[in-house]
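Here is the structure we will look at, set down as structure tokens.
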Amino acid sequence: HTLVEMGPLKVTPRAAIETVLRIQEPFVARRYFEELEGLAAGAGIDLADARVTNYIPELFYCSGFAIANSATKDGELLHGRVLDYAVDWGLQDHAVLIVCEPEGRVPWVNVSYAGFIGSVTGMNAEHISVGEMGGGGLGHWEGRTMALLVREALETSKSLEDAIATFRDGPRTCQYFYVIADGETREAVGMEASWDVFDVIRPGTSHTLLPRPVPDCVLLSAGDRYNHLVDRAQAQHGG
């Protein structure tokens, strides 16, 4: 019976997600909907349920970080992400690691849950990794689905700049932030890629929403979670 506020209206989460789906459908490649049809048929579930489930990340959010060079003991790059969803949803009971080998595209690994064809965390064979977190902008859904943008970046990127370009070239939705890293070059960036803003945040630099920079670190979160993340990065810096 939980309600989601959409402007002056309050609707059920399913109704909200179905609305998002209808708005974004013109921006989503047909092959993804065909994949959802196959998933539903193979799993023996209703197609409408499969579609709605795959749009849950359009409403809920997370945290992420990348640390490298002087911030780690041997200089290696470490990229992490926290799925800050409610544990009572039970997604943790259906976690899966999916190895994807799309024809004509870059192989990649999706850190995901059963029944989800998009991605919110993954790494490809070119050592490009992506994680996301969300912010505000509820209602700005006329663009490419966030989870499919992440997937597109992982399936096509051979460098950090390739991945950045995937998000830069839009159209984008809502307010989303990303940590993107290249394990070969040990480079990483934070990035805001919202419907009306595109901004790349380099390691150790401050931002209006990220006021406590740490050298060779990209730290994305909000509120107390951000401060705890910074405190830990500072305390363990180089260790």
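The values are calculated or read from the model by the stated rules, or taken from the named source; none is laboratory data. Computed from a predicted structure; not experimentally measured. So basically every Cβ, Gly included, is an ideal-geometry build from the backbone, and we count neighbours across all protein chains shown. To get the accessible areas, we keep the full protein, side chains included, count just its heavy atoms, and leave off ligands, DNA and RNA. Shrake-Rupley method; radii C 1.70, N 1.55, O 1.52, S 1.80 Å.
Summary table
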| read-out | value |
| --- | --- |
| Taking the chain and dividing mean pair separation by its residue count, relative contact order in percent (alpha carbons under 8 Å, at least six apart) | 18 percent |
| Segment 132-220: relative contact order in percent, alpha carbon pairs under 8 Å with at least 6 residues between | 25 percent |
| Inter-probe distance in nm under a simple model that places probes 7 Å from Cα toward Cβ, at VAL99 and THR205 | 3.8 nm |
| Spacing of the two label points (7 Å from each Cα toward its C-beta) at ASP88 and GLU18, in nm | 2.4 nm |
| Calculated over segment 74-141: convex hull of Cα atoms, volume per residue (Å³) | 159 Å³ |
| Extension gain, ARG31 back to ASP49 (0.36 nm per residue minus Cα-Cα distance, nm) | 4.7 nm |
| Of all accessible heavy-atom area on the chain, the percent that carbon and sulfur account for (1.4 Å) | 53 percent |
| Per-residue [θ]222 nm for the chain (sum of -39500 (n - 2.57) over DSSP H runs n ≥ 4, rounded to 500) | -8500 deg cm²/dmol |
| Relative contact order computed over segment 15-90 (Cα-Cα under 8 Å; 6+ residues apart), in percent | 25 percent |
| Solvent-accessible area per residue for segment 143-239 (1.4 angstrom probe, square angstrom) | 43 Å² |
| Charge dipole (debye, nearest 20) of the chain; +1 at Cβ of Lys and Arg, -1 at Cβ of Asp and Glu | 360 debye |
| In segment 132-239, GluC sites (Glu not before Pro) in a DSSP loop with at most 14 other beta-carbon atoms within 10 Å | GLU142, GLU184 |
| Calculated from backbone phi, Karplus (6.51, -1.76, 1.60) coupling profile of segment 178-188 in Hz, x at Gly/Pro | 9, 10, 10, 9, 10, x, 7, 8, 6, 9, 8 |
